[in-house]
Amino acid sequence: MVDSHAHLQHDRFASDLDEVLERAHAAGIERILVPGWDLASSEGALALAERYAPMIDAAVGIHPHHAAELDEPGWHHLASLVSDSRASAVGEIGLDYFRNLSPRDAQREALARQLVLASDAGLPVLVHDRDAHEDVTDALLSWPGPAGRAVRGVLHAFSGDAAMAVRLVEAGFLVSFALPVAFRSAVGPRAAAPLIRAGSFLVETDAPYLGPARDGRNEPRTALRVLAELASLRSAPVEDLVAPVRAAYRRLVANA
């Protein structure tokens, strides 16, 4: 199995990352994609991908919360990280109209610039979308995508509705589900889960966030609980989902 989104460079893993990875491996997790959220965490993701190859893959990018922080030298630095051979994707990028920690115009500009960087580098994108479904969909559908890639990117911790999921899957994106898909309140994701075809979705944890305990640290092995919930929603045996999810990850991260 895979965890397609886990922030293992976060300070909450600083003291026991080796043990976390051992538990993940024991649970059957073979690959983990670690995205950045700013320049320092993107550098951290690349370092983890080198240190823990081939278990960890890296993505680099600026989260919408930090969209207003980069000056032009910062953007130049990000471009160099995107072109690093250890980078498998550009992310976590996107729009967050729930917290609005950066002005919306700055968020949209940062998303547009990073989509260009991804195209130039031939990399897929990992997209954050919170209460910005229409603008995210419009931005992704108007983006030409990375040339030669079977997958243009992935909607991380998907929170949209079934129509959005189907539309973006048809356009070459994957949909990734995290543990909130198990909650009855996640009406859109729960409706989308049984509708999109096998091989078009991933599972993730967003560790250390979105864990089973409100204040507890999440870990990659929680991806198995997400998979079990998807199997229930799709009325399918869990084992029938493993190969399609693994294949989808391979298509996203070309070196997997």
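Some notes on this structure:
- Note on the range 2-252: the alpha carbon radius of gyration divided by the globular reference 2.2 N^0.38 Å gives 0.92.
- Here's how it looks for HIS5: its modeled amide H is under 5 Å from those of LEU33, THR205, ASP206, which are all 5 or more places away or on a different chain.
- In units of the rule-of-thumb radius 2.2 N^0.38 Å, the range 132-256 shows an alpha carbon radius of gyration of 1.02.
- Taking max minus min of the alpha-carbon positions on each principal axis, the range 1-112 gives extents of 44, 30, 24 Å, largest first.
- Using the Cβ-Cβ distance between SER142 and VAL187 with R0 = 45 Å, the FRET efficiency computed as 1/(1 + (r/R0)^6) comes to roughly 0.95.
- Span from the the range 111-175 Cα centroid across to the the range 1-77 one, whole angstrom: 20 Å
- Distant-in-sequence amide H partners of VAL175 (H built 1.01 Å from N, under 5 Å): LEU155, PHE201, LEU202
- Among ALA40, ALA58, ALA192, the residue with the largest mean-square fluctuation in a Gaussian network model of the chain, with springs joining Cα atoms closer than 10 Å, is ALA40.
- Take the Cβ atoms of ALA68 and VAL166, set R0 to 30 Å, and the FRET efficiency comes out at 0.35.
- Protection proxy ranking of 90-99, 68-77 - average other beta-carbon atoms within 10 Å, highest first: 90-99, 68-77
- Ordering of 124-133, 176-185 by packing [mean C-beta count within 10 Å, highest first]: 124-133, 176-185
- 5 angstrom amide H check on GLY91, placed H, neighbours 5+ away: GLY36, VAL60, GLY61, LEU126
- The chain: relative contact order in percent, alpha carbon pairs under 8 Å with at least 6 residues between: 19 percent
Just so you know, all these numbers are worked out from the coordinates, no wet-lab data involved. Being a predicted model, the structure only gives us computed values, none of them experimental. Heads up, the Cβs are rebuilt from the backbone with ideal geometry, glycines too, and the neighbour counts pull from every protein chain shown.
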